[in-house]
Amino acid sequence: MTEAQTKLESISDIIQSTDTARIGHLYWGLADILGGDIMVAPEHKFGGGDWKKATRDTLRPAGYNEAGLKDPASPAEALCWCVMVSAVEACDPSSSFIAFFSPAHGDAPAIRQIAGPVEDKEIGKLVIARKLGMRPRMIPLLPENAELPAPANDNEPEPTPPGMHPDPFTPEAAGGLLGDIARWITDTAIVPVPELSLSAAIALMGGLFGGKALTPTDAGVNVYITTLMDTAGGKGHPPKAIRQIAAGLGATGKDAVTNGDHTSYAAIERTLRRSPSTAIVMDEFGLTLQDINAKNRNSVAASIRKFLLAVYDQSNSMFDGRIYASAETKKDAEPIAGPALTVLGMTTTETLYAGLSEASVSDGFLNRFLFVTAGRVDEIRPPSLKRALRVPRDLSDALKEALTHFPQADKGLSIRKHTVPMEGGEEGPAYALWAEIFRWQNDRFWKGDARNIIGRAAENTIRLATLRAISRCPAKPEVSRGDVAWAWGVVHASITAIRDGVRRHMSESPADRLRKSILAHVEEAGEGGLPYSKLLEKRGVATADHRQLSDALHWLVASDQIRDVNGRPMPGKGSKFVRKQAE
């Protein structure tokens, strides 16, 4: 056993004991091993360290007791202690990491990057883990002289994604106006969900600046973004909040957000004729998709999908809209100059995938959207009877100033918008990172659905990066490497979520939907397996009749996707299922 492993023995018991002296000794040993300094992180309002807010600026040195040794002042402070390491082999000198213990992580210390280039995140964590004698989970070790397993196939490995911001959904990560808007939305929510607050902030910025700005690649800064949350999961507050912010900006913002119920192609086009740059809120977006893809297709809903496909790329050109045979049908036939439509959709996971089809993936509809999910919300605040949603004056003033001082439109362009430059041009670090994303997106490895899903990764990244650049410095925005890294973190999270969702949930028939529901529940059960009796209670399975369930189970067993660990010849009562490929 290594020195590090000796020091880390029974750590979980020590941390949960709240014995400050024992916890202090634990951290002295950790600091000695890593050659770092013992620090105290910001305190979370629910107890323990607020690790998302831990930066070199927010950490403070731990105090000393009379004996000159570092010791937690209280059990509460002990849960905020960490060791900061600022000189990590193979990392940039500006990179810093913290290692800390918590009941949630058991005996292994958690390691987080708090400063420096995002490219250092993984290598730094591995270097620190090696000093502690920890074995990285992603590299399982074989016994000495063991026979190496034969490769399952000759496929090339999936391309490694370029470096990105490790946690882009916090207000601190977004920064600037985006961070200020998101923070206020979260602070005023009954069910605070930072990911949804940031999504709404992005939509508001898209609506406000879509008529003024283009990206360094001359694309629009309008985005399509959809939040995926459970019912009553907090998705209703953020759209109302940005609607109120926009309404308080006077003429410059009154049409930047609309929550009207757009029922057709013509309705959205009419909205854009009133205000060529706007963010529309589409509640229960998944239900609209279900109307589009139903057996008896809803032609009105289908026209919405067609419009969203057509207008997405029109922010830098003239858009004629729908052409009718009769001039009387469409009163205003003048082209719209640079329409920048931003969409803030909201739906649940089940509703979304019930409304998606293979066509949605293959025709580019899906990859125009960013999908934002969030974990379970633990903090719910009972609303005050006197609760009033008032936009802070300083936030309104900052947005008004940003709109007023944003650069004038570039001369000589038919579309009067300012093209936000990239810091350093094609020789700068921002372009270098964006080019990596572009090459990753177009790697020959990607095929089929995967290629279609990631098809606009670079474009979505540059749109978000430009909005963040505007958010940071509206008077003279330039897209930096940090903007690109943050935007890519958001986009990559969306790609990961939607690839997994399509695999697990999207179906072309009721039978396929049932099989995917069963497979998802079996995967969630893990190595312990899922008994047949418990499977019958699961969502998406409980409503199936006996024949449908039997057929689905037989199909999954026959296709080697699941196995009955109890060895019953026929799946049914007494069976317990595990995922076959995970064995």
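The values are calculated or read from the model by the stated rules, or taken from the named source; none is laboratory data. These numbers were taken from a predicted model, which means no experiment stands behind them. Quick reminder, even Gly has a Cβ in these numbers, built from the backbone with ideal geometry, and neighbours come from all protein chains shown. Only protein heavy atoms, including side chains, enter the accessible area calculation; ligands, DNA and RNA are left aside. Shrake-Rupley method; radii C 1.70, N 1.55, O 1.52, S 1.80 Å.
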In the range 178-193, residue nearest to Ala475 (Cα to Cα) [restricted to those that are assigned to a helix (DSSP H, G or I) and open to solvent by 10 Å² or more (accessible area, probe 1.4 Å)]: Asp180
Considering residues of the range 25-35 that are within 15 Å of Gly63 (Cα to Cα) and touching a residue at least 40 places away in the same chain (Cβ under 8 Å) only, the residue surrounded by the most Cβ atoms within 10 Å (Cβ to Cβ): Tyr27
Candidate set: the range 476-505, residues that are of a type outside the set (A, V, I, L, M, F, W, C) and open to solvent by less than 10 Å² (accessible area, probe 1.4 Å); chosen: the one modelled with the lowest pLDDT: Gly501
Identity of the residue in the range 118-133, under 17 Å from Asp32 (Cα atoms) and either touching an Asp or Glu at 6+ places or on another chain (Cβ under 6 Å) or in contact (Cβ under 8 Å) with a residue 40 or more places away in the chain (or both), that ends up surrounded by the fewest Cβ atoms within 10 Å (Cβ to Cβ): Gly133
Filter pass, Thr496 being farther than 29 Å from Gly253 by Cα, among the hydroxyl-bearing types (Ser, Thr, Tyr) and out of contact with any Asp or Glu (no Cβ under 7 Å at 6 or more places or on another chain): yes
Condition met for Gly210 (at pLDDT 90 or above, closer than 25 Å to Ala247 by Cβ and buried (at least 20 other Cβ atoms within 10 Å of the Cβ)): yes
Residues satisfying the stated conditions in the range 80-108, i.e. open to solvent by 70 Å² or more (accessible area, probe 1.4 Å) and without any contact (Cβ under 8 Å) to a residue 40 or more places away in the chain: Glu89, Ala90, Pro93, Ala104, His105
Residue in the range 196-207 that is modelled with pLDDT under 95 and either open to solvent by 30 Å² or more (accessible area, probe 1.4 Å) or over 24 Å from Arg368 (Cβ atoms) (or both) present: no
Top-ranked residue in the range 256-274 [being crowded, with 20+ Cβ neighbours inside 10 Å and part of a loop (DSSP other than H, G, I, E, B); ranked as modelled with the highest pLDDT]: Ala256
Within the range 1-24, considering residues that are of a type in the set (A, V, I, L, M) and at pLDDT below 85, the one most open to solvent (accessible area, probe 1.4 Å): Met1
The one condition in (1) touching a residue at least 40 places away in the same chain (Cβ under 8 Å); (2) more than 29 Å from Ala182 (Cα to Cα); (3) touching a helix residue (DSSP H, G or I) at 6+ places or on another chain (Cβ under 8 Å); (4) open to solvent by 40 Å² or more (accessible area, probe 1.4 Å) that Lys538 fails to fulfil: (1)
In the range 282-301, the residues that are of a type in the set (A, V, I, L, M, F, W, C), at pLDDT 70 or above and open to solvent by 20 Å² or more (accessible area, probe 1.4 Å): Leu287
Answer from Pro157, Pro192, Pro171 - the residue that is under 21 Å from the mean Cα position of the chain (by Cα), of a type outside the set (Asp, Glu) and at pLDDT below 90: Pro192
Test: residue in the range 318-333 that is closer than 22 Å to Leu204 by Cα and either modelled with pLDDT under 75 or in contact with a Ser or Thr (Cβ under 8 Å, 6 or more places away or on another chain) (or both): no
The range 393-448: number of residues that are over 27 Å from the mean Cα position of the chain (by Cα), of a type outside the set (Ser, Thr, Tyr) and assigned to a loop (DSSP other than H, G, I, E, B): 12
